[in-house]
Structures are given as C-alpha cells and as structure tokens.
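The values are calculated or read from the model by the stated rules, or taken from the named source; none is laboratory data. Computed from a predicted structure; not experimentally measured. Cβ sites come from the backbone with ideal geometry, for glycine too, and all protein chains shown count toward neighbours.
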Amino acid sequence: MIPAVQGQADSTHGAPSVIILSGTDYYARQPRRGVCLLVAIGGALFFSLSLAGNAGAEAVPPGPAQTASTRGDENDTAQIHEKNATERLNQAREKWAQNDYKSVIALLRTNLAMPEVQSDDYLAGSCHSYLGGAYREIGDTQKAVEHHAAALARFKRVNSKNLQRDCLVNIGSIKEHLGEFSAAAENYRLAVALDEEGEDDQKRLEDSKNLARMLEKAGDVPGALEVWRKLLREMEAKGDLFGQGECCFGLAGIHERQGKRSEAGEYRGRGQDLQRKRALDVRKRNGDPAVDQRFFEASRKAGQGDSAGAYKAYEAMLAEARKRGFKNGMVTALRMLAAADFNEGRQKEALLKMEEAAGLARDDKDEINEGAVLGELGILYVNLRDFATGLSRLEEARKLSAGIGMAENEIASLHGLRLVYSALGDFQKILDVNARILDIARRTGRKRDMLTAENNIGRFYGEIGDSRTAVEHYGLALELAEQLGNSDLMAQQLNGYGIALMNMGDLDGAISAFRKSLTIREWGGGYVNLAEALLFKGDLEKAADLLRTISHNHIDLGYYHLRKGDYQQARELYMGRFLGDTEARSRDFLGFTKPVGEVFAGRTGLGLAYEGLRDYFKASYHYKEAQKLLERQRDSLSLEHRLRFMGVTDWMMPHLEPYEGMVRISEFLPGGLRQSLYHAEYTRGRLFTESAARSYGSPDKALPAELADREEKLDTAIASAAALTEAARRSTDKGAYHRLDAELAVLKTKQTRLAEELRRAHPLYAAVRYPTPLHVEEFALRSDEVVLEFEVTAPYTKAFLVKSGKIVLSYNVPLSREELTGLVREYRAYFEEVAGTSKLAAYDPKLGKRLYELLLKRALEAEEDGKPLVPSDARIIVVPDEILSILPFESLVVSLPARLQSPSGRYGPAPVGVKYAADVYDIAYAHSATALTVQRRLKAKTSPSRELLVLADPIFNQADSRLRNFAAGGRTLTKGRIKTMGGIAATMGPGGKRRGTTGEKKIGKEDFLFPRLDKTGLLASALRDQVFRGQPSDVLIGSAASKTGLLGRDLSAYRYLVIATHGILDNVLPGVREPALVLNQLGNPAGDNGLLTMSEAMRLRLNADVVALTACQTGMGAHLTGEGVMGLGRAFQYAGARNVLVSLWNVSEGSTTQLAERFFAHLKQGKTMRQALRLARGDVRRAGYEHPFYWAPFILIGE
C-alpha cells in the first residue's frame, strides 16, 4: 500500500520532451535542463509507443521532497517547529522503506500532536495517510481506516482529487480484506468518479476493475456487468486493444460464475482475438526476441555510462534487425544511433540515419511511428538551424496524427512547433500554435491539455517580459488545475503565477503564491523562488535561513553576503562553490558541467566581491569574463529573444551588472575616467541594439539584398555554432568543445569584418546593429556644447561632464538605484496624477530643488580658476539613464523664493517666484554621445519637397459622432481588440476621464474607450492654414489618421512631421510589448491593427528636421534595467529624423496644441530647434499655463 502524499508531477505533461539549442528559458525557476535531441511524439520513445493508454501517464507521487526547509511563516518559532515536522515526515518515509512501521507510527504521532501540523492540511493529510498504511501493515485495520479517512477529509478541504482518490483506494482495499464488499465498492465508485474528474485514464481503468469485482462479490451482478460494459465502450472508442481485452475477460468471468456459458464463451473468444491482434501488433513493432535482446543490452550499457559500448550494441541491433527484415527494430536503432551521433558532433551522420528511419517507418505503413520519427527529424533540422525543413517535418507529423484521429499526438506535434517558433522568435506563430492546442483540447474535452496550453502561454508572456498577461494565463491554468483537483498541478501553476508577480514587482503577492505552492508540494526550486523574492524585498535573514536549509553554500547566499557588505565571505562562497579555494584555478572557471547562468552569476558575484574589497584588477577580470559569457550566450539567441536578454537576472545577478561594474571601477584602473565613460557608452549601445532587434531583424531593413543575405546567413551560422559549442561544454566532451569553439571564433571574425564594411557603407544601421562606442575625444561636439552623461548603477549614479573632448568633471550621485527611482517617481507623481486643475496645487517645488542639487548643481555651478566650467550660454546635452530618462531636467528648480505661494490662475494654481532650470539653461537630450556623433556624421540628405504632414484626431471607438455607418466601414471590434482598448482606457484615468484635462470636464459617450483628442484637429488646421499657409502641407484626420494612411505616403518628402494622438507604454496592455502610438481604430483594412509600434517606427524612411509626437506619454518607453526609457522618440530618430520632440507624461490638450503651434511658428521664423522650444514654452507660460505640468513635459532629442 502506498500512502497518499503530495509529490512532484511532471511539469511538461502532454508536451514533447525537447530542448531547442537556441532557446533559453530565463523565466521560470526550473532545474536547468540538458540538451535533448529527440522528441517523443505521442508520449514515449521506441517500443513503448505501441502501448496504448500509457503515454503521459502520471506516476504515483513520491511524497514530500527529501530536502526539508521552512515555509517562511512570520513566526520564527513556528518555522522551526514546522521544519522539524517535515523532517520527521521524511524520516518516516525512510523507516517505511525499511519496513520499520512502529518507528513510522511514533514519528508521525508526534507530528500530529503539533499545532503547526494541524493547521497545514497537506502536511497533516500526509501524516495520516502514512499512519494508515503503517497500522494496516501491523494488522490494526480499524486505526488504518480511521487515519485514511482523516487524510481523505484533509485532502477534500484543499480539493486535491488525486490524493483523495488514493485514500479511497486504500480504504477500499482494507474493506475488501475485511470482507465488507459493499463498503469497498462504494469507495472504489468514489475513486472512479475522481479519476474521471482528474482525467486519469490509467487509474480509472484500475479502479473500475476493482469496482466491478467488489460489486460482484457484494451480489450486485448487474452493477458489475454495467461497469465492465461502460468501460468496454470507452476502450473501443479509444482503439485500446489491451483495455478491450481486459474488459472482455472480465465480462466472461462474471458470466461463467453465473453459469451463462454461451455468453461467457462469446466474450472470452472475443478477448482472445483481441489479445492475438495486440500480440501481432506488438510483435510487428518490437521485432523479435533477438532484436529485443540487443536493445536491452544497449540500454543497460547506456545506463552504466558506457556510451561507446551502447553505440556498438545499437549498431548490432541495427544489423540484426536488417538481417531479419524487422523495420521497426531498424527504426529504433537508427533513432538511438542518430541521437548519439548528434551529441558527439556528427550532425550529418545523425541526419542521414533519421532520414532513413523516416523512410522505413513510411514503408512499414506505421503512421504512429512515422509521426514520431518525423517529429524527431524536425527537431534535428531545427537544431542544425534548417528551420524551414524542420518546420515542414513537424507539420507532417502533426497532419499524420490529425489524420488518424490521435488528438494527443497532434497536440504533442504542435508543442514541437511551438518550441521551434520560440527558437525563431516568431511570437505571433507561438500564440497561433497555442490557440490551436487550446482548440483541440476544448473540442476533445482534455482539461489537462487545456491547462498545459494556458501554462505555456503564461510562460511565453513571462519570457518576453509581459508579466501582466502571464499572470492572467497562469490564473486560468490554476483554475483548470483546481477543477482537475490535482494538487501537483496546482502547485506548479502557483509557482509560475508567483514568478510572474515577482517580475511585475509585486513581491508580497509573489511570496504569498510561493508559500501556498510550497504547502502543496515541497521542492527545492520552489524554496529558491521564495528565498529570491525575500531577497528582492530586503528580508535578508529569512531568505538566508531558507537557502541554508537547501545548501550551506547555495549560490544566492553570495548575494546575501554582498548585500550585508561582507565581501570576503561572498568571495569565499563563490570561489568555494566553483573552484574550491584555489585562486590559481580561476582561469578554468567555465568548467564543463555548470549551467552558464550559474557561472555568470558566480563571475559577477566575484566581481562585486572584489570591487567591495577594492581589488579592482581582480574585479575587472571577473566582470569581463562574465561579459564574455553573456556575449556567447546572446549569440545563440534569435533576434527577438535578444530584446529582453539584458534585462534578465540569473541567480540574483542582473545581466547588466558586469557592464555597470566596469563603469564604476574603471576610474581606478589604467585608462581612468576615459575608460569608465567608454563602458557607459558601450552599455547604452548594446541595450539599444537589443531594443531594436525587431527592426533590424525584419526583411525590409535598409540594406542591399546581397549584404542583408550575407548578414542573415552569418547570424544563423553563429547562432548554430554558439548553441552547439555550449552543448559540447555541458556534455563534458572537451575535444568537441574546443573544436566547435574554434569554429565559432572563425565565424565571429567574419562578422567583425562584415561590421566594418557596414560601418563604412551604412553607418547608422551599423551603429545600432554592431555598436562600437566612441572615446570621449571622438565625440562630435561643437565649441559651445557640453555633455552631461549619467550611468545609474545599484549603489550610486555616476555623472560625467564632457567639454572640448575631455572629461572635465565626474561625480557620484549618493543615492542607490532604488532611492533615486523612488525620488524621481515621487516627483513625477505631481504631474502624472493630475485629473483636473484642482490637483495642481499639490506640486512641491522643494522636491524639484533637491533633485537639481543632487543631479545638476555640481556640474552646472562648478568653477575652474574662478570661471564657470559651463558658461551661461552653453548648450547642454543631457544623456540620461534608466529612471532619469523620464525626468524633464528643465523642470528642476534652481532657486526658491523666501515664501512659497501658488495663487490660482486661468488654468489652475501655479507657484510664483520659482526659478526653473529652463529659465537658466539651454537643455536638450541624446540617447548617447556615440549615437549623437554617428547622427551628425551622416551625409546630408536632399531637401524635402513638402513642408508638413500632420496626423491628428483619429477615430478610436464606434460611438464617435463622425461615424455614420460603422457597420459598412470595414470591420468591427473583436473581443481581443475591445480588451486591448479597454486596457488603454485604463491608462488614461479612472472612469474614462483623461488625466491632464484642463478642467473637471466630463467625458462624453464617444470617449468611453479612450478619449477623442478633438483639439489636435484644431492644431492640424492651424498649422496647415496659418503657420504653413500657402506651402505644400498634408493633414490626416479622423479615419484617414490610420497606420495605412501614414505608411502609404512617401514620408521622406516631408520636412516636418506631427503625430498628435495617444501613446501607450510597453507592458501596460496585454499583448502590446513595446511603445506604440494609437492611430485610427475603426474601418482599417486587414493587417492594420491601429498601432504604430516602436519597431515599425524604426523602419520608416524619414528626412525630417523634426518629428513632433504630441501625444500622451510618447517619451515613456520600455523601462529596461540599465537601458533608460527607450521611447518612440529614439525610434523616429533612427528612422531619419534629425530631431524629435516628445512628451514625458500625459499632457493637457490645450497647452499641447498651443505649444506645438508656437514651436513651429518660431521655426518658420528661422529659429533653431532649441530656441523654438524655449520660446514656445515662454509663450504658453505667458498665456496662463505657468505650472510646469503644462510646459515641462516636452523635451527635444537630437541635434
């Protein structure tokens, strides 16, 4: 008898076991998985494919994890008691294995006397279940039933159907032993019902047999016959020969015992026919005993680690199968040999063997086996980076399965396709495949497959950084797990849910989810997740206690020591974990078994430890080694996957940390501040490269066809070589590793040469695709310009003041990243949360003064030889970083009056007597000094033929009064579109009221999704009819203000481009992964989703002096750690705009239209961009918009 206790279920139930070499899972905390070449379509490899009903069957749960630890409760005493209780349960399991049942009873009775155990249904239920089993073994059946019943009650409270079923089966078995057949039958009947709810066919067959036996013994022969007949009908529907035979023999037995020999003979004969048919089928698949013997010999050698011996045995199996003409045996041997060939680097040999196996399966007319081989062959082609052929083979496998009605195998094939599309970074197709899986699962009523699909969608959105949508799908998967009543699946979904919450920054929610998951199923990875959430929250001691119960030198404990400032202890932990204590072995740090993420964390941790110890040379060595690891790993990823790569954290170590570490320590090394600034520039270039991945990965990139083809082929070859090199490193094959590493080096050299060629012919593209930062003396600055560049790092922010080709001042802003972020967000809250003019009085200029003193004062008021380093007429170029990218420096306060007052004005209250930075300094912005220099060195373009294009006042919803007959206009809003638009509405303010309205106006019914921007239409008219009167100008308003309308024009013909609409943020809305402008939403043609995304903006071909994005939050882009906020402004600059005017918060329509109109009016009068913006700000302030909420959000990026 096996006690009913929670255990760990297979986390990939229903999915093929396959690792795509190019794919890296940065999201869920799972044990790092090794490389697996082949995928089992249908659930199992080789001979077991013929065993119907066994694919994906769930094993009996093994019980609580052996490694016990606390659950992070608030009460420390309770933690210790519960830890002891879990340890006693583990000890009881050990005693059970030794048949020492009295010790089991003693240990668990002690547990059940503890309040902490009684308050935990899973733990108490497990103790009762083990006690029930132990009492039965010593013959006390009464106590056995009592404890199994107590366990059943506990598991009912937590809706764990699989554990309830185990308790019922145990009680039924005891009742049968006691001769209480009716009671036994009732327990088995309840177990069958739970099997049906949990979709566990294997257990249902077993429990149904027992139910029929008990009904017959209890005298209910009709009931027993009905159970067998119902089961027989189901087995026939599934084509399960084995199950049909079992049912026929069961029916024959009952009829024989009833004296009905004719009926018994009929069922027995039918069962024998089914048995012979199955035997023939099995023989056809398995070959014969001689082939089987070779197979088992090879399997034994492989299990012993004798790979060479196993290979020879499989060769012998192949020869024997060829000799006897058994195609299935040949297919099996070829598949095993191909897997070995691939893992040893013999890719071509592997491919030939798999192609032969596919042909043999096809000749054998074995569609099940053919589908399996085609699926494996598809994965092999994908690993070799032949994606087209790989996808073709997988699609063939899917069609075969669909054709023979095997939904489970079709779903498995679709999982293979999903993983391939993940490797390709084709996110839309990933979603399409998941939708097909969901559709099949719903049509066939397969809740487990529905759960797997929702789980995979959640993981997908988590991996691309859309944690909000990930939370939604994990929640749906959790509901399905609860419906199935499977505690292990519930624990798994809670774990994913917690990870998504942690990535959203909801640490309390994440901790709650992790704790709830761990009460269901204890496993090491779950405790690591909980510990990391506690570390992120700053609850260091509880996290450390938790980690120590897992391992005394767990890698995350290094982070704990770093946070405590114990750098020597951190150094010893990282060195001891990877190298022992031998410093001399540091050059062998890579090893051949450690996962690359763990090695990266170790390298970075050592860099931080040595930095803390002020051993900057050693810190530099480890930081650089960590960077090399990341660059190699990055090479193996698709362009889409690189988008989030630099924002990933491995074992508490952000991928950006070694780059930021070099910024901090370089001033203490040869090269000094010059090298420190170089590293800051490199970080910006690298991050923009990843953010721009979607643009330069598209087929319409601005390169000649020959160069684009060369680059694409080289990218593919490098990704494949990098993946194979990493696989060889993990396989411990040093020879293969060094050979593949040399091949990769050759390819990287070719890439370097191509990059140099591109820098000469296509400098802007090369600057983004292959960033090479410039040194300070290479910055293209004019004599009256200075650069103030910031680099935000964890302990402090570094500032560099550059003038005349050298760093004239450097200083540290003495705030941690968290402190600085909090301060800036507090300041921005005065402007972001304005729902009407009455809210303007809350603004506190003192906070603006504090930020000025922290960030600007030391640079702008510094003197040298009695003269200011920054002259009063200097043009200042701010290069912000991270949170500073959403801070308008012009709004910071230089000085305050003795008495601060905010009298009411025409547009609300505003402080008087305040001197802002905009009143004193001429400020503009750049993404980096390198990007600015590249932009300025570009060849001059031809003069535009038209002056102005304005896109304004799009139609957003069906209630817009400008629509007369929407139904005839082209399209309706789908459920998904309404959901997205509703999300946009939510960002605009509660109840549909747009933040930033100049009064307490009520939003009309036509503004219900997100409000119409009617005043932007007036702006368009004013610009066309007044400012640019008589000059070639175009206006797109209403339904014409669409993406189709915009992209259909030759945008390079316009000197000025104005887009006046709403902007949305990255990750704010489900399914919208990047900054975007909201254009016309109704009546668009197919393919026009009404959003102009950052990547689409980068692919525009512009020749504009300025692009003005007068929209809500257009300067607010993806807040990636270390990147700064990559807004749409930078995207338009990359597309060819020399300057971009963007807003940094939701702006007031009235002030926006007036400021934009005055800005262009001053440009027409011959003013520079900087002068025009400063004059326009003055104009709107004199018009009554004195509060910085109105004039401060617009900043100028560019020249």
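The residue that is farthest from VAL420 (Cα to Cα), counting only those in segment 606-636 that are acidic (Asp, Glu) and within 25 Å of the chain's Cα centre (by Cα), is GLU631.
Residue count for segment 696-712 satisfying the condition of being surrounded by 11 or more Cβ atoms within 10 Å (Cβ to Cβ) and at pLDDT 75 or above: 7.
Set side by side, the residues ARG436, ARG459, ARG442 differ, and just one is assigned to a helix (DSSP H, G or I) and either modelled with pLDDT of 85 or more or more than 29 Å from ASP201 (Cβ to Cβ) (or both), which is ARG436.
To keep it simple, each residue is scored yes or no on (1) in contact with a strand residue (DSSP E or B) (Cβ under 9 Å, 6 or more places away or on another chain); (2) crowded, with 24+ Cβ neighbours inside 10 Å.
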| residue | (1), (2) |
| --- | --- |
| VAL1140 | yes, yes |
| SER1143 | yes, yes |
| THR1152 | yes, yes |
| PHE1159 | yes, yes |
| LYS1167 | no, no |
| GLN1171 | yes, no |
| GLU1186 | yes, no |
| TYR1190 | no, yes |
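Would you confirm whether any residue within segment 237-244 is more than 23 Å from GLU186 (Cα to Cα), modelled with pLDDT under 85, aliphatic (A, V, I, L, M) and assigned to a helix (DSSP H, G or I)? Yes; the residues of segment 237-244 include at least one that is more than 23 Å from GLU186 (Cα to Cα), modelled with pLDDT under 85, aliphatic (A, V, I, L, M) and assigned to a helix (DSSP H, G or I). Candidates are the residues of segment 935-957 that are buried (at least 21 other Cβ atoms within 10 Å of the Cβ) and hydrophobic (A, V, I, L, M, F, W, C); the one that is nearest to VAL1027 (Cα to Cα) is LEU948. Any residue at all in segment 724-747 that is modelled with pLDDT of 85 or more, out of contact with any strand residue (DSSP E or B) (no Cβ under 9 Å at 6 or more places or on another chain), closer than 27 Å to ALA929 by Cα and assigned to a helix (DSSP H, G or I)? Looking for residues that are modelled with pLDDT of 85 or more, out of contact with any strand residue (DSSP E or B) (no Cβ under 9 Å at 6 or more places or on another chain), closer than 27 Å to ALA929 by Cα and assigned to a helix (DSSP H, G or I), one finds none in segment 724-747, hence no.
Close contacts from segment 209-227, counting a first residue that is over 10 Å from ALA185 (Cα atoms) and not assigned by TED's automatic domain parsing to the domain that holds GLY253 and a second that is buried (at least 24 other Cβ atoms within 10 Å of the Cβ) and of a type in the set (Asp, Glu), with Cβ to Cβ under 8 Å and a gap of 6+ residues or different chains, come to none at all.
On the stretch given as segment 235-262, residues that are closer than 13 Å to LEU274 by Cβ and among the aliphatic types (A, V, I, L, M) total 4. Looking at segment 369-387, is at least one residue within 23 Å of ARG442 (Cα to Cα) and either hydroxyl-bearing (Ser, Thr, Tyr) or under 29 Å from the mean Cα position of the chain (by Cα) (or both)? So far as segment 369-387 goes, no, none of its residues is within 23 Å of ARG442 (Cα to Cα) and either hydroxyl-bearing (Ser, Thr, Tyr) or under 29 Å from the mean Cα position of the chain (by Cα) (or both).
Each residue in segment 172-184 was checked for being surrounded by fewer than 24 Cβ atoms within 10 Å (Cβ to Cβ) and under 47 Å from the mean Cα position of the chain (by Cα), and 1 pass. Inside segment 752-777, can you point out the residues that are at pLDDT 75 or above, farther than 15 Å from THR683 by Cβ and hydrophobic (A, V, I, L, M, F, W, C)? Across segment 752-777, the qualifying residues are LEU754, ALA755, LEU758, ALA761, ALA766, VAL776.
So which helices (runs of 4 or more DSSP H) stay within segment 475-570 end to end and still have 3 or more residues that are over 17 Å from MET653 (Cα atoms) and of a type outside the set (Gly, Ala, Ser)?
Filter on segment 475-570 gives 487-504, 507-520, 540-550.
So, in segment 583-598, of the ones that are surrounded by fewer than 20 Cβ atoms within 10 Å (Cβ to Cβ) and not in a loop (DSSP other than H, G, I, E, B), which residue ends up modelled with the highest pLDDT? Checking each candidate, the answer is GLU598. For segment 1114-1134, indicate whether the set of residues that are among the charged types (D, E, K, R) and modelled with pLDDT under 50 is non-empty. Scanning segment 1114-1134, I find at least one residue that is among the charged types (D, E, K, R) and modelled with pLDDT under 50, so the answer is yes.
Given the options ALA910, ALA924, ALA918, ALA859, name the one that is out of contact with any Phe, Trp or Tyr (no Cβ under 7 Å at 6 or more places or on another chain), at pLDDT 90 or above and in a strand (DSSP E or B).
Exactly one residue qualifies, and that residue is ALA924.
Would you confirm whether or not segment 429-436 contains a residue that is crowded, with 19+ Cβ neighbours inside 10 Å and either without any contact (Cβ under 8 Å) to a residue 24 or more places away in the chain or more than 18 Å from the chain's Cα centre (by Cα) (or both)? Yes.
Within segment 927-970, the only residue that satisfies the criterion of being modelled with pLDDT of 90 or more and among the basic types (Lys, Arg) is ARG946.
Starting from residues that are of a type outside the set (Gly, Ala, Ser) and touching a helix residue (DSSP H, G or I) at 6+ places or on another chain (Cβ under 6 Å), keep the ones in segment 675-687 and report whichever is modelled with the lowest pLDDT. So, considering only residues that are of a type outside the set (Gly, Ala, Ser) and touching a helix residue (DSSP H, G or I) at 6+ places or on another chain (Cβ under 6 Å), the one modelled with the lowest pLDDT is LEU687. Scanning segment 864-907 for residues that are under 19 Å from LYS849 (Cβ atoms) and assigned to a strand (DSSP E or B) turns up ILE876, VAL878, VAL893, VAL894, SER895, GLN901.
Has segment 361-370 got any residue that is touching a residue at least 60 places away in the same chain (Cβ under 8 Å) and of a type in the set (A, V, I, L, M)? Yes, segment 361-370 has at least one match.
Across segment 1037-1057, the number of residues qualifying as farther than 15 Å from VAL1107 by Cα, touching a Leu at 6+ places or on another chain (Cβ under 6 Å) and not in a helix (DSSP H, G or I) comes to 2. Checked against (1) over 30 Å from ARG634 (Cα atoms); (2) assigned to a helix (DSSP H, G or I), SER810 passes all but a single condition, namely (2). Of the residues making up segment 267-277, one or more are at pLDDT 80 or above, loosely packed, with under 13 Cβ neighbours inside 10 Å and part of a helix (DSSP H, G or I).
Comparison of GLU863, GLU890, GLU853 shows that the only residue that is crowded, with 17+ Cβ neighbours inside 10 Å and in the same structural domain as TYR811 (by TED's automatic domain parsing) is GLU890.
Could you tell me whether PHE342 is surrounded by fewer than 23 Cβ atoms within 10 Å (Cβ to Cβ) and among the aromatic types (Phe, Trp, Tyr)? No, not satisfied. Considering each residue of segment 520-527 in turn, at least one proves to be surrounded by fewer than 24 Cβ atoms within 10 Å (Cβ to Cβ) and either within 18 Å of the chain's Cα centre (by Cα) or at pLDDT 90 or above (or both).
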